[in-house]
1. When the gyration tensor of the stretch 605-707 is built from Cα positions, what are the square roots of 5 times its three eigenvalues, in whole Å, from largest to smallest?
2. Give the peptides 505-514, 52-61 in descending order of average Cβ contacts within 10 Å, highest first.
3. Which one, Thr258, Gly762, Gly68, is farthest towards the positive end of the dipole of the chain when Lys and Arg carry +1 and Asp and Glu -1 on their Cβ?
4. Charges at C-beta only: +1 for Lys and Arg, -1 for Asp and Glu. How large is the resulting dipole of the stretch 504-599 about its Cα centre, in Debye rounded to 20?
5. Along the positive direction of the dipole of the chain (beta-carbon charges: Lys, Arg +1; Asp, Glu -1; about the Cα centre), which of Tyr720, Gly361, Ala607 reaches farthest?
6. Kindly provide the pair-distance distribution of the stretch 65-183 built from C-alpha pairs, with 10 Å bins from 0 and whole-percent values in order of increasing distance.
7. Could you list which residues have their amide H under 5 Å from that of Thr359, counting only those 5 or more apart in sequence or on another chain, with H placed in the peptide plane?
8. As a test of the definition: which semi-axes, in Å, follow for the stretch 363-443 when you take the square root of five times each eigenvalue of its alpha carbon gyration tensor? Largest first, please.
Amino acid sequence: MEDVYTFTVNGCQVSTSEKKPLLRFLRDDLHLTSVKDGCSQGACGTCTIVVDGKAQKACVLNTAKAEGKTIVTCEGLTDAEKDAFVYAFGAKGAVQCGFCTPGMVMAAKALIDGNPDPSEDDVKKAIKNNICRCTGYKKIIEAIQLAAAVLRGEAPVDEALENGADGFGVGDLAFRLDVREKVLGYGQYPDDIYEEGMVHASALRTPHPRARVVSIDTSDALEVPGVLAVLTAEDVPVNKVGHLQQDWDVMIAEGDVTRCVGDAVALVVAENERALEEGRRAVRVEYEVLEPVRNVHEAAAEGAPAIHEGGNLCQQRHITRGDAKAALAEAAHTVTESFTTPFTEHAFLEPECAVAWPTEGGVRIVTTDQSVFDTRKEVAHMFGWDDEPERVVVENALVGGGFGGKEDVSVQHLAALAARAVGRPVKAKLTRDESIRFHPKRHAMEATFTVGCDADGVLVGLDCDVYFDTGAYASLCGPVLERACTHAPGPYCYQNTDIRGYGYYTNNPPAGAFRGFGVCQTEYALEVCLDLLAEKVGISPWEIRYRNAIEPGKVLPNGQIADCSTALKETLEAVRDVYEANADHAGVACAMKNAGVGVGLPDKGRARIVVRDGVACVYCAASDIGQGCKTVFAQMACEASGLPLDKVRMMPVSSELGPDSGTTSGSRQTLISGEAVRMVAADLRADLDAAGGDLAALEGREYYEEFFDPTDKLGADVPYPKSHVAYGFATSVAILDEEGYVDQIWQAHDSGKVVNPIAIQGQIEGGVLMSMGYGLTEDFPLKDCVPTAKYGTLGLLRADRIPDIHAIYVEKDELLPFAYGAKGIGEISSIPTAQAIAGAYMARDGKVRNKLPMEDTPYARKPKKAAKMTPEQIAAAMAAKKAAKKAE
């Protein structure tokens, strides 16, 4: 007689005879999709539920261990709890991508049930096992305390804030449009799609970074019950994809050589995930293992194996202005330093997932990515439909974080291929380990910088060599390397630069876009050099930056004249007092980051409004990956049209319905797409005014606008080339405590007009913590090109390790004429903190830290090994544990 496991879920008794992870039972059997699958390794906390009053992770429990227990998920919260959490998380700006949010809410419920008035430390302790990659935790902590106050009856719920009745224009305290669905977990990410007849696909991936595929035998796999198909390279019409360079094999064919672990060799399609896994195990692949190319030095060596036909040099850039050699020869002071920065994993909480449906003559894909049109282009290319890309329709579900890591296709094309092959809806997703091995990382860098100044500390020149490891595939190597080089001189006034950049293929996992887009690496190097120059000149690190800071009307090192909105000096002034009060244990650093793709490319924003059923429906195919552009666009539409929020509706992101507004990358959506939304809403306003404010009179009307502000290509032969539509600027100050831990971080931003004061705070705080992790704790270790880290060992900072973060924004009276003067905040917030922390340690102990993550800090200390226990001590400990469990 088989066992039956019975327990209570959200007040209902449920039973199952299947012993499996509780996470899978809650999602797959009960379809309680608020319980998110972030890692299935007990590391991320997205699947946190309340079990017998305690917060626990559903992925580490199974149905047998749940026997007799009482379980609560977000779906089982009382109405009062739901309203309290929705209001608190929205009012405090604690929601961005939203994938971690239901788990945070359930950890908070368990805390508040036992402690109705938790302190900040109580909250930090309660959520320390729940990772958030977006917010920096501060807003989540504030939200949980506010929710507790609401539930105690000590804080009112402002319903007008959630529904926009107090105003939803530019600069208003706007409640994000997606707060409720994300907090309560009913918002749909691709993995939350469960449909009758849907089957599953997963790739068999090579364990070898470089190996010849001698043979692939799929015969046994095809005999597995439930396996519908096993596809190989022979089944792919065009076996190449790639964001910009089509160099990435959909699957490695027999006779070809793998380029990194994670390369797909076969694609199994099955009725269910059990058959899928059995089918993958049954595919037989014979490899001839080859020596991998481990780094840029090996890749550049004479006689190195060619990873791609064109050789191992993927991309290069040489950027010059003035005469750096002469300027440095005449400089009063120079500094030369070499730097090493690591690959970094994006660690977004939602693993990649897509669902595809075959259509008549094409395919429809619902996915999580950063541009539905880029995905459409790559999938169409794979099918040989370059001239008919509309045969592929791509739609965004909710996107559980990206940070650049979801610009390339990952599973979208595989789901589409499988759907066309078997004629049924197909879900394809990556496990967390597959995601870590497969998707592009932040580029590892090796660089040597020489920077010079005159006797007063005024910069005169920069010479540098920058080497990027782009791994197995190009991804966005060219643009990332280019941005690293164009930003290497920093946001300062000098005109003599010679910057040589090289991106090499290796057999490491690919590298591509990552928040900061190459600038995190090179500006780290420059800012450390500035601290050393300041020491030689005899002025403070703050002073050398202030003396050289770009101002409106002055010329950036790339030749662009700084526009009227430039406020770098104002950000320096905003943190001067706090820096100088702590100068012996504080560091300061500046950063700049482009807004918009620029460099002569046709970077266009597009938007359409259709008046339907008395509502202005706004279509703009710009992916919201958690940064909140959907809400920003709604604010701009309300502001420009004069309509209230209940008369404006943001429509889903779709390549079929929405105009192409470019990728969510380059801090471009607020400015570029936002201006298109403003323009089209202004067109509606003109007709609305003519109709006496009667929106119903415009029923069926359509409006369309395209925004394009041309820029000059890199190396354009003009005196003052316009590289980008705009730049954002920032200054960060890091302060250490007596033990050497980071105690406070102050970050001041020039991001133009602040469209949403609630959202910008969380964006800055999240970027600060990501930059702190980059500098101190995060690493991506490789052994012969094979990643050795799991999600839980990447070094991600948790809530109980965050410093006190102070986000400041500077608004000037003179702003750019586009998008109400707004500039993007998404990337720049993640750039200057690491170098400010390096400066703080240098102020404290005089050591230069030119390798990341930094050495000689409390964060780098190895934990002491526990002393070995005697057999008697072990027996006593086990007895005590059993007694405690029995008492419980």
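1. 23, 12, 12
2. The packing order, highest mean first, is 505-514, 52-61.
3. Among Thr258, Gly762, Gly68, the one farthest towards the positive end of the dipole of the chain is Gly68.
4. Charge dipole, the stretch 504-599, about its Cα centre: 340 debye, nearest 20.
5. Gly361
6. Result returned by the calculation: 14, 46, 31, 8, 1, 0.
7. For Thr359, the qualifying residues are Arg364.
8. In descending order the semi-axes read 21, 15, 12 Å.
No value in this document is a laboratory result; all are computed from the given coordinates. Note that the coordinates shown come from a computational prediction; the quantities given were computed from them, not determined experimentally. Positions of Cβ are backbone-derived with ideal geometry, glycine not excepted, and every protein chain shown enters the neighbour counts.
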